[in-house]
Amino acid sequence: MPYRNYRNIEASFIDYISGQLTSDGWTGIRTEKAFAEVYKGTTPCICISMEDSKSTRREIGSTSYLEDILVSIRIFASNDGQRLDLASWMLSKIYPGIDYYEYTITNGVISSKVLKGRINILEITANKKELKNTDNLDAIDRYRHILSFRCRIELI
């Protein structure tokens, strides 16, 4: 069964970031889709999630819409230096945009991955340490960073 638009966005980001981490020499960093999965392993970990969508009519009288999608990437780092390094690295990788794929899943496994366009970043809405008073937090939450951005899919 093919994924719908939002799941394709998340999967495209997960695949892209996982590949970029490997090609740039980062090791031992997990990428997850579900927030709960982050807590089942160790840091560092990157969690990608589609947060919401804002649609506006393309033009008066039209039945077509432009959809801006808010995506959040949470970095769960092992220390503050790693948090800053990963945030800076991540921003440099996603800001130019990434390929958008359509995935088909069969028995829980990707059976097809087809390039369908590009995910373009329109606006960075957050780039900050997510939690401020971290003294009494568990280690996994102490060095959390959030990158949020609005993006739009350009189909080919």
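The values are calculated or read from the model by the stated rules, or taken from the named source; none is laboratory data. From a predicted model like this one, the values you see are computed outputs, not experimental measurements. Here the Cβ is made from the backbone with ideal geometry for all residues, glycine too, and neighbour counts use every protein chain on show.
What to note about this one:
- Test: residue in region 59-66 that is among the hydroxyl-bearing types (Ser, Thr, Tyr), touching an Asp or Glu at 6+ places or on another chain (Cβ under 9 Å) and farther than 29 Å from ALA139 by Cα: no
- Applying the set (1) surrounded by 12 or more Cβ atoms within 10 Å (Cβ to Cβ); (2) touching a residue at least 40 places away in the same chain (Cβ under 8 Å) to ILE156 leaves exactly one unmet item: (1).
- Applying the criterion of being of a type in the set (Ser, Thr, Tyr) and within 16 Å of ASN5 (Cα to Cα) to the residues of region 73-122, the residue that is surrounded by the fewest Cβ atoms within 10 Å (Cβ to Cβ) is SER112.
- Check on ASP68, closer than 23 Å to GLU123 by Cα, charged (D, E, K, R), surrounded by 12 or more Cβ atoms within 10 Å (Cβ to Cβ) and touching a Lys or Arg at 6+ places or on another chain (Cβ under 6 Å): yes
- Top-ranked residue in region 27-38 [being out of contact with any helix residue (DSSP H, G or I) (no Cβ under 6 Å at 6 or more places or on another chain) and surrounded by 15 or more Cβ atoms within 10 Å (Cβ to Cβ); ranked as modelled with the lowest pLDDT]: VAL38
- Candidates in region 125-145 are the residues that are in a loop (DSSP other than H, G, I, E, B) and either at pLDDT 85 or above or not aliphatic (A, V, I, L, M) (or both); of these, the one that is surrounded by the most Cβ atoms within 10 Å (Cβ to Cβ) is TYR143.
- Residue match in region 84-98 (condition: among the basic types (Lys, Arg) and either within 11 Å of LEU147 (Cβ to Cβ) or modelled with pLDDT of 95 or more (or both)): yes
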